[in-house]
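The values are calculated or read from the model by the stated rules, or taken from the named source; none is laboratory data. Quantities reported herein were computed from a predicted structural model and do not represent experimental measurements. Counting neighbours? That spans all protein chains shown, and the Cβs are built from the backbone with ideal geometry, glycine included. Areas reflect the complete protein model, heavy atoms only, side chains present, ligands, DNA and RNA absent. Shrake-Rupley method; radii C 1.70, N 1.55, O 1.52, S 1.80 Å.
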Amino acid sequence: MSALPHRVVVLSLIAIALTSCALTGGTLGGRDKCWSADDARSASLWRGTLQIDASGGRLKAPEGDLVLLPGALSTRIGESGVGELVRGSDVVARAGDDVTLFGGIGGDGTMVVCGLEEIH
């Protein structure tokens with residue numbers, strides 16, 4: 001038996017597996033989108049320094065600053081007076097932290113924050 005049919009079967013199985021991953025994981029790499037379908041935003045990862053005060057949250061990034069809008073995560077001022085990025089009542093990061101955030105970027109310089117990828 002030739003090795004060619006075996007390779008075709010293996011490549012077909014790999015293609016099916018990759019297609020299945022893409023269908024279940026979506027195009028967001030397994031991340032959950034947290035903005036509405038009618039909100040024209042692009043899924044994106046941004047790294048920068050959190051700035052959170054009484055006027056809201058911002059991400060100071062080398063590419064430019066983003067205004068943070070509530071999504072799965074939101075901002076608040078904690079009991080100690082320090083700005084916090086929270087999921088419900090759980091603090092996931094604080095003002096001054098160098099973070100990578102996932103969310104939906106709008107053409108207006110805002111980001112709906114869906115997740116914290118990493119604190120650096």
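Looking only at region 40-60, how many residues end up being small (G, A, S) and open to solvent by less than 70 Å² (accessible area, probe 1.4 Å)?
If we filter region 40-60 for residues that are small (G, A, S), which is where we start, we get 40, 42-44, 48, 54-57.
Next, only the ones that are open to solvent by less than 70 Å² (accessible area, probe 1.4 Å) stay: 43-44, 48, 56-57.
Count: 5.
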task = Would you check if there is a residue in region 64-82 being without any contact (Cβ under 8 Å) to a residue 40 or more places away in the chain, open to solvent by 60 Å² or more (accessible area, probe 1.4 Å) and out of contact with any strand residue (DSSP E or B) (no Cβ under 8 Å at 6 or more places or on another chain)?
result = yes
Hits in region 83-120 (condition: aliphatic (A, V, I, L, M), open to solvent by less than 20 Å² (accessible area, probe 1.4 Å) and in contact (Cβ under 8 Å) with a residue 24 or more places away in the chain) = L85, A93, V99, L101, M111, V112, V113
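Conditions tested, residue by residue: (1) farther than 24 Å from D38 by Cβ; (2) touching a Gly at 6+ places or on another chain (Cβ under 9 Å); (3) modelled with pLDDT of 95 or more; (4) assigned to a strand (DSSP E or B).
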| position | (1), (2), (3), (4) |
| --- | --- |
| P62 | yes, yes, no, no |
| V67 | no, yes, yes, yes |
| A72 | no, yes, yes, no |
| V86 | yes, yes, yes, yes |
| G96 | yes, yes, yes, no |
| T100 | yes, yes, yes, yes |
request  = From R58, R47, R76, R7, grab the single residue that is of a type in the set (K, R), at pLDDT below 95 and either outside any loop (DSSP other than H, G, I, E, B) or within 25 Å of G106 (Cα to Cα) (or both).
outcome  = R7
